[in-house]
Each structure stands twice: as structure tokens, then as C-alpha cells.
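Undergrad: Okay, here's the structure, questions in a sec.
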Amino acid sequence: MKLKTTIKTKPSLSVMLGPFVGLLEKPTESLLEQLEEEAQKNRCITHFVRRKPRFFFSGEVPQREIPFSQSQWESLMNQLKVELDEEELEVALAILHQLDHRGFFVGDEAQIAKEFGTSKEFVEDLREFIMTEVEPVGIASKNYEEFFCVQLRELYPKEPELCQKVLEFLKTGAGDQRVKDIATRLRLTPFEGEQSPYKVGSVDAILEKDQDGWLVLLMEDFIDFEVQEGEREEKERALRWKRLMDLRRKLLRGCINLVVERQEDFLLGVGPLKALELTEVAQKLGVSVSVISRLVSNKYVKTPTGIYPLRFFFQRRSKGGYSREQVLRAMKEILQKHGRLSDAKVAELLKEKGIELSRRTVCKYRRML
């Protein structure tokens, strides 16, 4: 089954949405609470209607309460568990345990490498992965310079020279108006703001299938408002809310459609998760990886087989293009059929199935079974 996605977005979302770009990662329930507050005080937002379909309520799934607002630490853990395998996760946790209260890495990579019997380069690669791919972006940076550059690469991927210009401004105060404006958008520390307590809410999207195909329901589809003339500042805020909601709907639906297309067997309970990377989705939707990473954070989807974090459906590819779950299932079938085998023999039989893994990697996967 093919689900067509025709998403076209402007290249610079930071210009289009301004400070609102960070709201892409908000769970829908939390976002809508903020929008309701804005509608109450912004006279340019009119005819605000928030319908409440009962099938989105957490009461529909009382056995699986969903935490929408998570602490910063728990949010990091949830992301890493989805993105990393067992060995990588252990090292990543060691890195996280050496963050200070601001979210900067203050540990010793060589010491971590020694403790886990791996290379310093492996630890550094994982730290850079956490820094660039995990929300909040910049977590585990070593210093302000590295942290500011990570943010600038995310906001302005086609302008690498901005990093040096902004750093020069922050150090000396010298810079043109645009550089100064850009500097005001930067966060000062990876961990910012108050930690939110847990609360039970509703799912962000629902997937159902009948004989005609898949039905994708988004909570945001049940929100309407109009923007009328008024004071310039209020109207600009109202228009940015409008752009934000329209963009979230388009990107979230496009993202979920791609998930359904790739993971249909899993969603129906008849197959494993297949490889699907954030970079692939970003390319198809015409936005940056950081935008997709924000979008799939803190979102939950109700499916025919249960409720899952949206990030759960993204699996990195092995060298052969298979997801970790596909590899584990193939390995399990081999061991059940042939009994006790050496890692080298398992690697040989996997190769016959088109899955090429080293003996060491086979050993790592075997420990996960």
C-alpha cells in the first residue's frame, strides 16, 4: 500500500515561525493548552473552537496511562532507548551521568572508554550523537562554543559561517544587526526552563484500519480559529500560531503516513519493525532532520496493537538495510532451527538471508535475545 505525501515547506522554519519553532516538539495536549491561553488574551484570534472527540481521551485506554509532560532526564532516556542498541545505551548512560545541572558534559571520555572496554572515539561518537540528535539539541556539549554551534547548525544548516560570526559577537560585541538578532534566539544552557510533572492526557494520533485502508486521526484536526485585524504585535503572534498549527498538521500527518507505509505489518501484528530513519522522513517531507526529531518527540500514537511513542517506529538500518528487530527475528529463527551454533556460523547463515553482520555484532545481538 502506498500513501502519498505532498508536503512542501519553506526552507527556513526559524524565520517562518520564529520562537514558535520549539513548539513543534510539544505534545498536542500541552500545545493546545497554550493556544487556549493565547486565544483568551489575544484579540486577533477569533472563532476559536476546540472540539473534544471522546476517542482521544485517555479513558479509552485506562490500562496504558500516558505521561505527556516528562522530566528532562526521563525524556532523554526515552529517546535513547529507541535510538540505541544495548551496548551503545550503556555507554550513553555513562555520558549522561556525567552531565552537570545545566546539561553540559563534564566527564572524561577516556575514562568512560576504559570502563567499558571500548575506544575513546566510540564514546565521542556517542556524545556527538546525543548532542545533535537528541532533544534538547546540544545536550552533552562540552562548552558554550560547541553548544552555540550545534544550535546554529540546526537553525541555519546552509550558513556554516554563522557560527564564527555569532561567536565573535558573543565574545566581543562586534556584529551586524542580523548576527545580533540570531544571537538572541540561542539558548544559554542545554537544560532550560522548569521540569514538568507527569500528568495523564490523551493520545496525539489514532490509527485504524478497515477494508478501505488506514484512517489517520490527529487531535489537531479538531481545532479551528481565525485571525482578524488588530494591533500589529497581536496579529503577528496570531499569524505565527496559525502557521505553526498548519505546519504541525501537515508534517505530523505526512510523518505518520510514512510510518504506516513502512510499518504496516507491525501495526497489524504480523511482522517486525522495519528500518525507518529520521533522515529518510526528513528528505521526503522536505525539512531538516532536527525538525522531524522535534516533531516525533513527546507524541503518542494509538494503533490496533497498542499505544506507542511516535519515536518507537523509527529504527536505524544495519549495514544490510535491516532494522534491529528484523535482525533479531532472523537470528532467533536460525537458533531455534539449528540449536547451538557459534557466532561465526550464525553470521554465515544470516548472510544467506542477506543480512551481513560481523561475528562480534552477532555476539552482541545474541545477548539481547
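The values are calculated or read from the model by the stated rules, or taken from the named source; none is laboratory data. Everything numeric in this text was worked out from a predicted model, so none of it was measured. Neighbour counts run over all protein chains shown; Cβ positions are idealised from the backbone, glycine included. Quick note on the areas: whole protein, heavy atoms, side chains included, nothing else; ligands and nucleic acids left out. Shrake-Rupley method; radii C 1.70, N 1.55, O 1.52, S 1.80 Å.
Undergrad: Looking at LYS2, is it among the basic types (Lys, Arg), open to solvent by 40 Å² or more (accessible area, probe 1.4 Å) and modelled with pLDDT of 65 or more?
TA: no
Undergrad: Any chance region 172-179 includes a residue that's open to solvent by less than 60 Å² (accessible area, probe 1.4 Å), without any contact (Cβ under 8 Å) to a residue 60 or more places away in the chain and within 18 Å of the chain's Cα centre (by Cα)?
TA: No - not one qualifying residue is present in region 172-179.
Undergrad: For residues that are among the hydrophobic types (A, V, I, L, M, F, W, C) and open to solvent by 40 Å² or more (accessible area, probe 1.4 Å), scanning just region 17-51, find the one that is modelled with the lowest pLDDT. Before the answer, list the steps.
TA: Of region 17-51, the ones among the hydrophobic types (A, V, I, L, M, F, W, C) are 17, 20-21, 23-24, 31-32, 35, 39, 44-45, 48-49.
Still in the running and open to solvent by 40 Å² or more (accessible area, probe 1.4 Å): 48-49.
Values: PHE48: 84, VAL49: 79.
That would be VAL49.
Undergrad: Checking the conditions here, which among VAL289, VAL270, VAL260 is touching a Leu at 6+ places or on another chain (Cβ under 9 Å) and under 21 Å from LYS209 (Cα atoms)?
TA: Of the residues listed, the single one that is touching a Leu at 6+ places or on another chain (Cβ under 9 Å) and under 21 Å from LYS209 (Cα atoms) is VAL260.
Undergrad: If a residue has to be in a helix (DSSP H, G or I) and open to solvent by 30 Å² or more (accessible area, probe 1.4 Å) to count, how many in region 102-153 make the cut?
TA: The qualifying residues number 18.
Undergrad: From the list ARG294, ARG366, ARG317, pick out the single residue that is modelled with pLDDT of 80 or more, within 29 Å of the chain's Cα centre (by Cα) and basic (Lys, Arg).
TA: Just a single option satisfies the conditions, and that option is ARG294.
Undergrad: Right, next: Any idea how many residues of region 5-16 are open to solvent by less than 60 Å² (accessible area, probe 1.4 Å) and either more than 18 Å from ARG249 (Cβ to Cβ) or modelled with pLDDT of 70 or more (or both)? Spell out how you get there, then give the answer.
TA: First, the residues of region 5-16 that are open to solvent by less than 60 Å² (accessible area, probe 1.4 Å): 5, 7, 9, 12-14, 16.
Checking the rest, the ones that are also either more than 18 Å from ARG249 (Cβ to Cβ) or modelled with pLDDT of 70 or more (or both) come to 12, 14.
Number satisfying all stated conditions: 2.
Undergrad: Something else about it: Considering only region 160-181, state which residues are in contact with a Phe, Trp or Tyr (Cβ under 6 Å, 6 or more places away or on another chain) and outside any helix (DSSP H, G or I).
TA: GLY175
Undergrad: Looking at GLY175, GLY193, GLY201, which one is modelled with pLDDT of 70 or more and of a type in the set (Gly, Ala, Ser)?
TA: GLY175
Undergrad: May I pose another question? Does VAL61 meet the test of being under 19 Å from the mean Cα position of the chain (by Cα), open to solvent by 20 Å² or more (accessible area, probe 1.4 Å) and modelled with pLDDT under 80?
TA: In short, no.
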